[in-house]
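Read through the structure below, which is laid out as structure tokens, and then see the notes.
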Amino acid sequence: MTWDTIVGLEVHVELATTSKIFCGCPTLFGRPPNTQCCPVCSGFPGALPVLNQQVIEYALRVCLATDCTINSLIRFDRKNYFYPDLPKGYQISQQHQPIGRGGKLVITTDNGDKAIGIHEIHIEEDAGKLIHDPQGKHTLVDYNRCGIPLLEIISRPDLNSAEEALDYLDKLRRLLLFIGVSDCRMEEGSLRADVNVSVRPTGSKVLGTRTELKNMSSMKAMALAIAYESRRQIKILTEGGRIRQETRRWDENEKRSFALRIKENVEDYRYFPDPDLMAIRINDHWIKNTRELLPELPDAKYQRYLTTLDLTAYEASILTSHPALADLFEATVAICGRAKDVAGWIMGEWLQECNQRACRPQDLKVTPEKLARLVRLLAEGDITRGTARQVFIQMIDNQADPDDYVHRHNLRMIRDIKTIDAAIDQAMAAHPRSVADYRAGKNKVRTFLVGQAMRVLQGKADPALLNRRLLEKLNTPD
Amino acid sequence: MNKPLPQPLIDPKQISRVAHLARLNPDEAERVLLRQELERILRSFDRLEWPDTRNTEPIYHPHPDTNRLRPDEVQSPFDPADLIHESIGQDGFLMAPKTME
Ligand SMILES: [Zn+2]
């Protein structure tokens, strides 16, 4: 018997507001515990919430970008449960009138594009963080995260593999980044995915009992967890057992999941409308304004890069993985054209430098104007790639101007045949054994001699020309 | 017109369930008390159901106001340090009863 895996994702994304959803506390990450709290977000009796307008704006953007139907009247409900991460004893969420329903997100599969349904998008507040010390007598609580605005984006169970779930999460992450509503950092918890997994015999139309997986802190962990859970369920069913509906925690070290608790039923949360908050009316005017402010979405960008800029799928995919890269790319191309060369530089040297400096793409302080001039110098053969790298480092570290730097340090590419010949002669004279080795059939020595001749000219020689002349000289016995 | 007052029935299982959701562990005497109190509360709600509301729009709030929003600005008029009494704090954290999932 073959089995199908059915996956649905519940993605929580922290919205990038400066203040919390119902109070004026700041939302900075990584601050000392309990330093971003007030009576509202730590649940003091009598404290009253007031909704942050930006939360609705951001939620509207997400609904529009995912083709959801937007509710014209939305309300907030209390989801009641007792756990120390929730100081009020309830979480303010949306159960009855969420902001959006019935959208979609298109993913790429081996069989082409596939639309994944979005069941619902609702607004809620984040809970605090708990630290469980196995030795200690207490659980330590930090309420800084309490009241950070969240969107919960619930997909339909339309995904059929770990790969599809990964692509869905990646597409969603790109979308959220490009519309500017979240920084989507899984490692900092601003993007979290809970995964519902079930299996059923191929061809069956009935959904199997599902389990919910939590605590995956990276895309890779999520893929592993889904594959593990699917195998576990198939094994149980094959052996004649039954799947228990439960929540399971992914253990990154052991690469397996553990049952947490039998899930509480929806009615156990005893949802009811929050009497402290008024309804929000979202009229067409508001929706229209928000729609007009939406930037080009990453899918459209990707297509445009392929068709009008002639980039490869790989190039277009990398450049649309983060708005900082796409913005830099487009601003640079707007100045110097040469989309291929600019793409090559950003994907090569730019990202490599970010990697080495462990910084984000937008943290290198090089303007598109300067990058455009560097790319032009390289593309027009004025400098070698090696020189361009050297200039680029100076641009990052000392805000060097590329033309000026090349001029002052006399870095223009040397194309003069006499100069190049002289350098080759000097290198060959200094290394007569290598020359002899080459002529005796050791072809590899050539690279060494190229390097030596290049060194004579401080790496500025036209590499193609130098190569050609060296080869001619080596093949012509004295 | 008026609906008859139904006899609220709370069985011990329901008491246990509600107690569990509230993370309470009442003893037998407390259970009896809880049952009496909950039944009184339910009777009050039944009273609310006496009027015929078939043609009345439900209201969520006594005031019809909507769109009470504030701008996205940081305003912290409180010193968070004042919120935690030293008897329940440790290195800036709050100490809660040990919970392990
Ligand atoms: Zn607060």
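The values are calculated or read from the model by the stated rules, or taken from the named source; none is laboratory data. Treat the numbers as computed from the prediction; the structure is a model and nothing was measured. Backbone-built Cβ (ideal geometry, glycine too); neighbour counts: all protein chains shown.
Summary of computed values
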{"quantity": "Residue under evaluation A:LEU175, criteria (1) surrounded by 19 or more Cβ atoms within 10 Å (Cβ to Cβ); (2) touching a Phe, Trp or Tyr at 6+ places or on another chain (Cβ under 8 Å), criterion not met", "calculated": "(2)"}
{"quantity": "Test result for A:ARG249, in contact with a strand residue (DSSP E or B) (Cβ under 8 Å, 6 or more places away or on another chain), within 26 Å of A:VAL199 (Cβ to Cβ), surrounded by 12 or more Cβ atoms within 10 Å (Cβ to Cβ) and modelled with pLDDT under 95", "calculated": "yes"}
{"quantity": "Scope the stretch B:10-21; condition surrounded by 14 or more Cβ atoms within 10 Å (Cβ to Cβ) and either facing chain A (nearest Cβ under 9 Å) or basic (Lys, Arg) (or both); matching residues", "calculated": "B:LEU21"}
{"quantity": "Pairs with Cβ under 6 Å, 6+ apart, first in the stretch A:34-60 and over 30 Å from B:ASP91 (Cα atoms) and among the small types (Gly, Ala, Ser), second more than 14 Å from the ligand (Cβ to nearest atom) and modelled with pLDDT of 95 or more", "calculated": "A:ALA59/A:ILE99; A:ALA59/A:ILE123; A:ALA59/A:LEU151"}
{"quantity": "Lone unmet requirement of (1) out of contact with any Gly (no Cβ under 7 Å at 6 or more places or on another chain); (2) part of a helix (DSSP H, G or I); (3) closer than 29 Å to A:ARG468 by Cβ; (4) outside the structural domain of A:VAL456 (by TED's automatic domain parsing) for A:ASP382", "calculated": "(2)"}
{"quantity": "Positions within the stretch B:56-71 being modelled with pLDDT of 85 or more, at the interface with another protein chain (Cβ under 9 Å from one of its Cβ atoms) and in a loop (DSSP other than H, G, I, E, B), in sequence order", "calculated": "B:ASP65, B:THR66, B:ASN67, B:ARG68, B:PRO71"}
{"quantity": "The stretch B:72-94: number of residues that are part of a loop (DSSP other than H, G, I, E, B) and more than 7 Å from every other protein chain (Cβ to nearest Cβ)", "calculated": "4"}
{"quantity": "Any hit, the stretch A:154-169, residues being away from the ligand (no atom under 16 Å from the Cβ) and without any contact (Cβ under 8 Å) to a residue 60 or more places away in the chain", "calculated": "yes"}
{"quantity": "The stretch A:427-442: number of residues that are hydrophobic (A, V, I, L, M, F, W, C) and outside any helix (DSSP H, G or I)", "calculated": "1"}
{"quantity": "Identity of the residue in the stretch A:55-67, closer than 17 Å to A:ARG281 by Cβ and within 10 Å of another protein chain (Cβ to nearest Cβ), that ends up surrounded by the fewest Cβ atoms within 10 Å (Cβ to Cβ)", "calculated": "A:GLU57"}
{"quantity": "Residues satisfying the stated conditions in the stretch A:12-53, i.e. at the interface with another protein chain (Cβ under 7 Å from one of its Cβ atoms) and more than 10 Å from the ligand (Cβ to nearest atom)", "calculated": "A:THR17, A:THR18, A:PRO32, A:PRO33, A:ASN34, A:THR35, A:VAL50, A:LEU51, A:ASN52, A:GLN53"}
{"quantity": "Which listed residue is in contact with a Gly (Cβ under 7 Å, 6 or more places away or on another chain) and in a strand (DSSP E or B), from A:ILE121, A:ILE153, A:ILE131", "calculated": "A:ILE121"}
